[in-house]
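Q: Dumping the structure here so I can ask a few things about it.
Please treat every number below as a calculation from the coordinates, not as lab data. Bear in mind that the values here come from a model prediction, so they are computed numbers and not experimental data. So basically every Cβ, Gly included, is an ideal-geometry build from the backbone, and we count neighbours across all protein chains shown.
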Amino acid sequence: MICPNCSTSLKRTERTGQVCSHCHRRFALDPRLHGTGMHDVRIRRCAESLTDNGRLKVTVTQLWYRSRTQSSSWPAKKARGVHRGISWPVALAVCAGLIALAVRTGGAAAFWCGVGAVLVLVVPKLVPYERARSAGSSISPSEYAFRRLMSGEWTTTYGGLPPGVVDDADPAPGRAAKRPDRPRAVILCTDHAVATFLEANGMPRRLQVVLLEADPEYVHEEFADLGDLGDLADLPGGLPVVVVRDASALGVMLAPLLRIAHPDRTVVDAGLPVSAVRSRRGAVHRFSPAPAVEAEALRAVAGLSEEDAAWLAAGFWSPVAAVPPALLLSVVENAVARAVAATAPSGPAPEHGFLTWPDAPAMKGTSPA
């Protein structure tokens, strides 16, 4: 690895105790101890790319997604073939019977019995047993491990997080940023990391909007009987709402349910489109236990395609916090402008579907180099 202090290439024996043997200065991360790709130079580069060299502030969650060295997901798979505990005893029993028959008969019949015995022993190898596998996902390092490195080794070595990175470790459901005197719109965000990111970059103050956080599962339960959404009910009815959410089953239902519960408001869905990430190479795909939303409801209420609805209904989702921060900020700003401009002075508010996201820039590889 490269020493982050003197840029010397260090062998394992030259960085014992996380101290460079050349400049004798301490560094925070060692790939041998903390996992592939976990070293100071790479983490600094990831932070610099996310913050646009200090222009933006980002959260630890966003840095984790950017610094990941591996992410994958896989669908459920049924068992195939016959278990070896069954196939081999049966094959051996049949083989023994054929051999016994060959000994008793002799001649051509014995030959064919011998051939059959050999084939019976070959069949279990030609048809291997594949175990059933449940759907899942994996990200390396895990969020827990990455947060420990940032709050532990990194903070101990450098006295704080990388420049431009803010801590978002303490979620506060229902927390609202300081409200402007004359708000122009409401941003309803279902991701605490993204809400922290928007607030850290001064969006509520700069755009004169109210920033609210909400748990999408709570929202879905509340809207089952068309109830109100906490603080949203206390705000002026004419304020438009911009929804910022993950590409998840409960997330895509939020804007349509808001329109039903609050027909007097303009609702713009600025959430991450499922179609933009479901088959996109390099996108983060995560899995949670299947949500209580069926594919049919996702198609009917959220207007999703059959493929997108089936993907979400199976439990897969993609976090909006993994979107490049500059792109995410731009999309939310455009959504607020669109919502304010579309607010009708009187009469029922028009409905607005998914905001068209611009193509994300090619994601830099997640290799540990």
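Q: At 7 Å along the Cα-to-beta-carbon direction for both Ser151 and Ser72, put a label point, then send me their distance in nm to one decimal.
A: Rounded to a tenth, the inter-label distance reads 3.0 nm.
Q: What is the spin-label model distance, in nm, from Val19 to Ser330 if the labels are put 7 Å beyond Cα along the C-beta direction?
A: 4.7
Q: While we're on this one: Please compute the net charge surrounding Val274, taking Lys and Arg as +1 and Asp and Glu as -1 over other residues with Cβ under 15 Å from its Cβ.
A: Value of the local net charge: 0.
Q: So how do 306-312, 26-32 stack up, highest first, on mean other-Cβ count within 10 Å? Please list the in-between numbers first.
A: Values: 306-312: 19.9, 26-32: 18.3.
Per-residue mean Cβ counts within 10 Å order the peptides as 306-312, 26-32.
Q: Ordered by packing density, taken as the mean number of other Cβ atoms within 10 Å over each peptide's residues, highest first, how do 260-271, 135-146 rank?
A: Working: 260-271: 21.1, 135-146: 16.0.
Top to bottom by mean Cβ count within 10 Å: 260-271, 135-146.
Q: With θ taken as phi - 60° and the coefficients 6.51, -1.76 and 1.60, list the Karplus ³J(HN,Hα) couplings across segment 139-147 in order, rounded to whole Hz; mark glycine and proline as x.
A: 10, 10, x, 5, 4, 4, 5, 5, 5
Q: For a protection proxy built on the mean count of beta-carbon atoms within 10 angstrom, sort 274-280, 61-67, 242-248, 152-158 highest first, please.
A: 242-248, 61-67, 274-280, 152-158
Q: Taking R0 as 41 Å, what FRET efficiency do you get between Ser137 and Thr8 from their Cβ-Cβ distance, rounded to the nearest 0.05?
A: The formula returns an efficiency of 0.60 here.
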